[in-house]
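Only one structure is covered here, and it is reproduced in the block below.
The values are calculated or read from the model by the stated rules, or taken from the named source; none is laboratory data. Owing to the predicted nature of the structure, the values given are computational and were not obtained by experimental measurement. Heads up, the Cβs are rebuilt from the backbone with ideal geometry, glycines too, and the neighbour counts pull from every protein chain shown.
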Amino acid sequence: MCQGSRDERGTLAMSKGIFVGLDVKRAGLHAAIRPSDQEWTASIDDSGVNETVNLLASVKPEIVVLEAQGDIELPLAGTLVSEGLPLAFVSRRSIRDFARSIGQIRPDRNHAGLLAHFAELVRPEVRTMSDDVVEQLRALKSRRSDILAMLDLERNRQRLDYVSVQKDIKNHIYFLERSFVSLTEEINRTVRSSSIWR
């Protein structure tokens, strides 16, 4: 679940000229917004990613910056782009050089804040994906969500007492887990081979 500063209506309070930095790690997602210096955290699972994307879509940032790592951030990037958010990937070296130039010796302290600051001052190029690729990502994300829902249902059915049914359910769960991993890998490949990655 996202945690952060909210106004009376429960939405993040924003103004014009919004720049977002997203620091993605296996432990979770950390987001920072400039110039308001608002921050929040979320899980990196589908619900955390979707909640973050919905919050960002509601505030309409000028640029969302992600550091290109080549793995964990790719499903998030696919979701951001498929929702029409302006995404810019930046290299680790660019961020390190930027941190030095502004006198920040330890860039890891608030990496999301540093990425947002980079977005605000440097304004990296936002690349777009073709409509075909966006539609492909939407279809992959939708199918992945369907598989996840089926997995939840089957995991809940494991409590049945009948051994033959449990065996079938376990086989189906195994198949669904492989399908989920395969779809995630396809999302990663699609983002990595798209124009936003280059």
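Kindly indicate the residue of the stretch 135-147 that is crowded, with 18+ Cβ neighbours inside 10 Å and either of a type in the set (A, V, I, L, M) or not assigned by TED's automatic domain parsing to the domain that holds S179 (or both) and also modelled with the highest pLDDT among those meeting that condition.
Going through the qualifying residues, I end up with I147.
Output the residue which, of all residues in the stretch 17-46 that are free of Cβ contacts under 8 Å to residues at least 40 places away in the same chain and not aromatic (F, W, Y), is surrounded by the fewest Cβ atoms within 10 Å (Cβ to Cβ).
So, considering only residues that are free of Cβ contacts under 8 Å to residues at least 40 places away in the same chain and not aromatic (F, W, Y), the one surrounded by the fewest Cβ atoms within 10 Å (Cβ to Cβ) is A27.
Return the pairs, sorted by first residue and then second, in which the second residue is among the aliphatic types (A, V, I, L, M) and exposed (fewer than 13 other Cβ atoms within 10 Å of the Cβ), the first residue lies in the stretch 120-136 and is within 16 Å of G21 (Cα to Cα), the beta carbons are less than 6 Å apart, and the residues are 6+ apart or on different chains.
Filtered contacts from the stretch 120-136: no entries.
Kindly indicate whether any position in the stretch 58-81 is out of contact with any Ser or Thr (no Cβ under 9 Å at 6 or more places or on another chain), under 28 Å from D152 (Cβ atoms) and surrounded by fewer than 17 Cβ atoms within 10 Å (Cβ to Cβ).
yes
What's the total number of residues in the stretch 154-185 that are surrounded by fewer than 16 Cβ atoms within 10 Å (Cβ to Cβ) and under 27 Å from I72 (Cβ atoms)?
Number of matching residues: 8.
If you go through the stretch 63-95 one residue at a time, how many are more than 15 Å from I187 (Cα to Cα) and part of a helix (DSSP H, G or I)?
4
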